[in-house]
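These notes concern the structure reproduced below.
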Amino acid sequence: MPQPEDRLTLDALRLDPEEAVDEIVERLGEVVSRNLRKRGALVGVSGGIDSSVTAALCVRALGPGKVMALLMPEKESSDDTLDLSRLLVDHLGVESVVEELSPILDAVGCYRRRDEAIQTVVPEYGPGWRAKLVLPSVLGGDRLPIFSVVVESPDGERSQARLTSGAYRAVVAATSFKQRTRRMLEYYHADRLDYAVVGTLNRLEYDQAFFVKCGDGSADLKPLAHLYKTQVYQLAEHLGIPEE
């Protein structure tokens with residue numbers, strides 16, 4: 001039987017944020033400048049905690065003049081994505097570029113391919129509708145969990161339908177265009193500036209492969225890959241990341 005002291009608790013995830021930041025900053029600066037021989041760092045900033053902390057660490061390591069934030073909204077992004085990203089950019093004093101992804105995603109059929117997959121189980125799904133994938137709780141059940149799609153009509157009416165395996169794979173494949181397009185643009189700007197692309201994955205995402213191959217899973221270095229989300233929040237507080 002596991003002893004109480006062997007169990008994972010929130011206290012076990014506590015770290016010394018100052019020491020952790022100093023270690024990451026030292027290593028980050030060394031890898032970018034000495035190992036990769038790059039002039040600076042580029043971070044795709046979404047307004048979320050992981051990308052905000054990553055950008056702040058890059059500024060600590062290299063200085064604001066050698067960090068660029070790339071903001072990449074698309075028509076289905078949250079309304080506050082750009083506002084939060086710009087708040088961080090102003091706080092850090094770094095250069096930023098906005099790339100609107102919707103035209104590229106439209107051109108490759110991202111939205112159309114996804115919608116066609118959803119229509120195989122919800123025929124009425126169309127323009128103006130919203131959708132998200134859901135998975136039933138795996139606790140207390142003995143059935144194989146199967147993804148469903150929850151849709152909302154323009155009138156606000158919601159319904160749910162089970163996805164076939166083919167429809168699920170098609171939705172995921174189409175949605176992955178978003179992450180892969182973002183990484184493509186990050187490397188475009190990084191190449192023209194001779195910068196390193198710095199990834200934003202945390203340990204949970206990295207360990208569980210909760211990322212898109214050739215998308216957010218690709219980067220020249222990943223300074224948060226050894227930290228759980230709880231620990232990233234501890235660094236954010238220490239670094240003074242603006243909340244709103």
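The values are calculated or read from the model by the stated rules, or taken from the named source; none is laboratory data. Since the model is a prediction, treat every value here as computed from it, not as a measurement. Heads up, the Cβs are rebuilt from the backbone with ideal geometry, glycines too, and the neighbour counts pull from every protein chain shown. Quick note on the areas: whole protein, heavy atoms, side chains included, nothing else; ligands and nucleic acids left out. Shrake-Rupley method; radii C 1.70, N 1.55, O 1.52, S 1.80 Å.
General observations
- Scan of segment 8-31 for residues that are modelled with pLDDT of 90 or more and out of contact with any helix residue (DSSP H, G or I) (no Cβ under 7 Å at 6 or more places or on another chain), ordered by number: D16, E19, D22, E23, E26, R27, E30, V31
- Subset of segment 202-218 [closer than 14 Å to S51 by Cα and basic (K, R)]: R203
- Among (1) open to solvent by 90 Å² or more (accessible area, probe 1.4 Å); (2) outside any helix (DSSP H, G or I), the one test that E23 misses: (2)
- Check on Q208, buried (at least 18 other Cβ atoms within 10 Å of the Cβ) and farther than 26 Å from R37 by Cα: no
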